[in-house]
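Working notes for the structure below.
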Amino acid sequence: MTTPTHAPRTTPTNGAPPLPGRAPRASAPPPTSGRSAPSPRASSPTPEQRGRVARYLLSAPRLHLAVIVLLALGVVTMVVWRMVSVGALEREVTQREARAQASLQAQAGELLMLSATPLAWVVRTELMADDLGDIDAYLAKLVDEPGVERIVVVGDDDLIVASTDLKLEGASAATALDDVELAVPAPVVEQVGDELRLVVPVMAFDRQIATLVLDYAPRGLERVRHPGGA
């Protein structure tokens, strides 16, 4: 009789007896994560380096200089902004005043033209009646109206026969009113500085017997009374 042979038994590495009829498993190597150990970063500052940077930035002279520079920049910025804002506001106010001035003078000129004919008729009536006293009283009352600066009546002989500036009465118009064009065929309103001047021919039936000159400062303008004015 032949004796059966059996495969030698191998004791497993973990000490447990092997199962009958099954070859033992070879022990597997321990699993690895596949990641290598992190290496320290060469660029990250050490606490000592960070402390050195902080001490450099917060050192008294540099900190004071940085604060002074920032404050100076802030002040300069505010000053420039304020200058630009004020300049723009001043230009806007000036433009508005100029427009208001032009509108005011245009309205005043229209009113003066409307009053030219009544004034001429009053002066004509009193001159033809040779009543200069009534003319003086009328001019004195008229010059008290707001804006009326001076009124002068020039006769046909080029002499001033009536004026709210008493110093001009009897004087030659060519000398006292050398800047006024008296030979006008119809009422004229002209600009003289900030004032308006109304020149009105006083007509008789067939000829000009006088010329009335009225200086007017529209309301809203600075009124400057002429020396000797009523």
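The values are calculated or read from the model by the stated rules, or taken from the named source; none is laboratory data. Here the structure is a predicted model, which is why all the values come from computation and not from measurement. Don't worry about glycine lacking a Cβ; one is built from the backbone with ideal geometry, like all the others, and counts go over all protein chains shown. Just the protein is used for accessible areas: all its heavy atoms, side chains included, with ligands, DNA and RNA removed. Shrake-Rupley method; radii C 1.70, N 1.55, O 1.52, S 1.80 Å.
Of note:
- Length added when fully stretched, Val79-Leu166, from 0.36 nm per residue minus Cα-Cα: 25.8 nm
- For the stretch 163-175, the Karplus equation 6.51 cos²θ - 1.76 cosθ + 1.60, evaluated at θ = phi - 60°, returns couplings of 6, 6, 9, 4, 5, 8, 5, x, 7, 6, 5, 5, 9 Hz by residue, with Gly and Pro reported as x.
- Annotation: amide H of Asp165 within the under-5 Å range of Ile151, sequence separation 5 or more or interchain, hydrogens built in the peptide plane.
- Per-residue 3J(HN,Hα) values for the stretch 177-185, derived from phi via the Karplus relation 6.51 cos²θ - 1.76 cosθ + 1.60 with θ = phi - 60°, read 10, 5, 9, 10, 8, 8, 7, 10, x Hz in sequence order (x marks Gly and Pro).
- When nucleic acids and ligands are ignored and a 1.4 Å probe is applied, Leu114 ends up with an accessible area of around 130 Å².
- Computed from point charges on the beta carbon alone (+1 for Lys and Arg, -1 for Asp and Glu), the dipole magnitude for the stretch 107-230 about its Cα centre is near 280 Debye.
- The gain in end-to-end length when the Thr117 to Phe205 segment is fully stretched comes to 30.2 nm, 0.36 nm per residue minus the alpha carbon separation.
- Other-chain or far-sequence residues with amide H under 5 Å of Val202's (modelled H): Ile209, Ala210, Thr211, Leu212
- Of the whole protein surface, Val75 contributes about 90 Å² of accessible area at a 1.4 Å probe radius.
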